[in-house]
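The values are calculated or read from the model by the stated rules, or taken from the named source; none is laboratory data. Because the structure is predicted, anything quoted here is derived from the model rather than measured. Cβ coordinates were reconstructed from backbone atoms using ideal geometry, including for glycine residues, and neighbour counts include every protein chain displayed. Accessible surface is based on the protein model in full, side chains and every heavy atom, while ligands, DNA and RNA are left aside. Shrake-Rupley method; radii C 1.70, N 1.55, O 1.52, S 1.80 Å.
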Amino acid sequence: MRTTPAVPVPDAYPPPVETGGAAARRYHARHGSVLPAIDPAAGSAAPKHHPGTPVLPLPFPPAFPAAPGDEEPTAAVEGLGGLLALLNGVTRVDWTGAAVAAGRPVPSGGGSYPGEVYLATAAGLCHYLPSAHALELLSPADLRADLVRTLDRPPLDHPESILLITSRLDANLARYGPFGHRLQALDTGVLTGQALSLLESAGAAPVAHALFPDEELGRLLGLDPAAERVHAVVTAQTPGAFTPSAPLLRRRTARSGFEPVPMALPVLLSVLEGAAAPIPMDHAAPVDCALYVVAHRVTGLEPGCHRRDGRTGQLIPVTGDATPRGLFPPNGPGELAGFEAACAVLVTGDYESGYPGHGDRWYRRLNLRAGVIGQRIGLAAAAAGLGAGLRCDVDTPAADAVLGTHPHRTTLLAVLLGQERGSGTPSFPLLGAPGPP
Ligand SMILES: Cc1cc2nc3c(=O)[nH]c(=O)nc-3n(C[C@H](O)[C@H](O)[C@H](O)COP(=O)(O)O)c2cc1C
């Protein structure tokens, strides 16, 4: 009997079949580059768990031996439980205007946290439960060799630990509509960036992988491909003690806004340097994710848009009359935050450069990369004592108009920087106090 092949739905995302970039282009034009229609009343999908699997509780809080000789208070966390807490666990309690909320070490669009973290070691395959700080044991078998075999570019040395970062496809769609898929790629990039920062700090030589057939990898994890996809794999050697700096524990969104006061150029340059360091990934971007600064109140820097020169680290003027406020739609929350902020950093990329080599997957890979850079900006800002806010609610055509004459370069993510207003949202750290005792 002849079967009729399934006709791909033109706007389905992720596309059911590879189209060499055509489906990703269509998705971006229709949903990914337009302001999301946000339904703030819509909740996020419940976090994933696997009923019936053995649950292994992890000690909370993880031990925090002081790192000797450090001026700043630092915390050292032994073991992978510490890694998982600092990657995606509950690390603080926030008192917001509306409620008490569990704060995480990483930001997430709308606080939806569509990402899930799986861990493969010699002891088996586990799924991390952030709110319980526990592991679900999905398989006691050592699956590392099977997982590595699926990678297009496996690491040279057999990895001791493998983190698999997935996204639940429906986690944020009720609130963001189809734009949620782009947010998911950014969010899993943020998680990937955090995993790289933590594992690098522990000397575990991590590499982030984005080149793999995700259906095959998903099968090894037991995922339903219509519900959850693997976005990134981070391979690493045996980590030493995790010594997260106080800024890593301090990072949060400047929810109360910014004091309209200037920041100094050297501080901005140090944040950009932290963000622009090479990303240990299994592929190079055909065109780099250039960083632009739209300055408003930066002492020593003319207002307007500047491009960061990747070679020298200097800021080159591009457009004179751009303001952070003008990057956001009028009368929205972004406009006020943009007005108050000292500057906006724009993480940009080029979709067209990657479709010929990567096909539709390039869309996700580029946004993943932007998420890594966004996470680094957040950490570097916290280290510099600045408030920061990652934002996807920019008016993309308005933001792209200030970038100059690059034909396909577009804004992937904006980060507002400045001095956080007042004392900010009251917050109680759960993993050691990141400040003088
Ligand atoms: C990719 C991404 C996009 C975001 N976009 C916005 C935004 O447009 N507006 C906003 O107010 N916050 C935005 N945020 C910040 C989140 O709302 C915030 O991270 C989340 O509520 C968790 O709070 P925390 O960062 O203080 O831990 C974004 C975060 C991420 C990671």
Item to check | Which listed residue, of Ala123, Ala102, is farther than 24 Å from Gly218 by Cα, open to solvent by 40 Å² or more (accessible area, probe 1.4 Å) and modelled with pLDDT of 90 or more | outcome: Ala102
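State all residues of the range 153-197 that are in a loop (DSSP other than H, G, I, E, B), of a type outside the set (D, E, K, R) and either open to solvent by 10 Å² or more (accessible area, probe 1.4 Å) or over 15 Å from Ala227 (Cβ atoms) (or both); if no residue qualifies, say none.
Passing the criteria: Pro154, Pro155, Leu156, His158, Pro159, Leu169.
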Checklist entry - Taking the condition crowded, with 18+ Cβ neighbours inside 10 Å and not hydroxyl-bearing (Ser, Thr, Tyr), does Leu431 pass? => result yes
Checklist entry - When you scan the range 378-404, how many residues do you find that are under 13 Å from Tyr292 (Cβ atoms) and in a loop (DSSP other than H, G, I, E, B)? => result 4
Checklist entry - Out of the range 265-283, which residues are open to solvent by less than 40 Å² (accessible area, probe 1.4 Å) and either of a type in the set (Ser, Thr, Tyr) or part of a strand (DSSP E or B) (or both)? => result Met281
Checklist outcome for this item: Picking from Pro317, Pro330, Pro303, the residue that is within 16 Å of the ligand (Cβ to nearest atom), open to solvent by 10 Å² or more (accessible area, probe 1.4 Å) and free of Cβ contacts under 8 Å to residues at least 24 places away in the same chain would be Pro330
Item to check | Scope the range 136-147; condition of a type in the set (A, V, I, L, M) and open to solvent by 20 Å² or more (accessible area, probe 1.4 Å); matching residues | outcome: Leu137, Leu138, Ala141, Leu143, Ala145
Item to check | Verdict on Glu352 being surrounded by fewer than 21 Cβ atoms within 10 Å (Cβ to Cβ) and without any contact (Cβ under 8 Å) to a residue 24 or more places away in the chain | outcome: no
Next on the checklist: Going through Gly357, Gly338 one at a time, which residue ends up being surrounded by 24 or more Cβ atoms within 10 Å (Cβ to Cβ), in a helix (DSSP H, G or I) and not assigned by TED's automatic domain parsing to the domain that holds Leu186?
Outcome noted: Gly338
Checklist outcome for this item: Note on Leu220: of the conditions (1) within 16 Å of the ligand (Cβ to nearest atom); (2) outside any strand (DSSP E or B), unmet is (1)
Next on the checklist: Filter the range 333-360 down to the residues that are within 16 Å of the ligand (Cβ to nearest atom) and under 17 Å from Ala401 (Cα atoms) and list them by number.
Outcome noted: Glu335, Gly338, Ala344, Val345, Leu346, Val347, Thr348, Gly349
Item to check | From the options Ala383, Ala370, Ala414, residue that is touching a Gly at 6+ places or on another chain (Cβ under 9 Å), of a type in the set (A, V, I, L, M) and open to solvent by 30 Å² or more (accessible area, probe 1.4 Å) | outcome: Ala383
Checklist outcome for this item: In the set Thr396, Thr405, the lone residue that is among the hydroxyl-bearing types (Ser, Thr, Tyr), more than 14 Å from the ligand (Cβ to nearest atom), under 25 Å from Gly320 (Cβ atoms) and open to solvent by 10 Å² or more (accessible area, probe 1.4 Å) is Thr405
Checklist entry - Which of the residues spanning the range 296-306 are in a strand (DSSP E or B) and farther than 14 Å from Val271 by Cα? => result Thr299, Gly304, Cys305, His306
Item to check | Members of the range 21-53 found to be in a loop (DSSP other than H, G, I, E, B) and surrounded by fewer than 13 Cβ atoms within 10 Å (Cβ to Cβ), listed by number | outcome: Ala37, Asp39, Pro40, Ala41, Gly43, Ala46, Pro51, Gly52
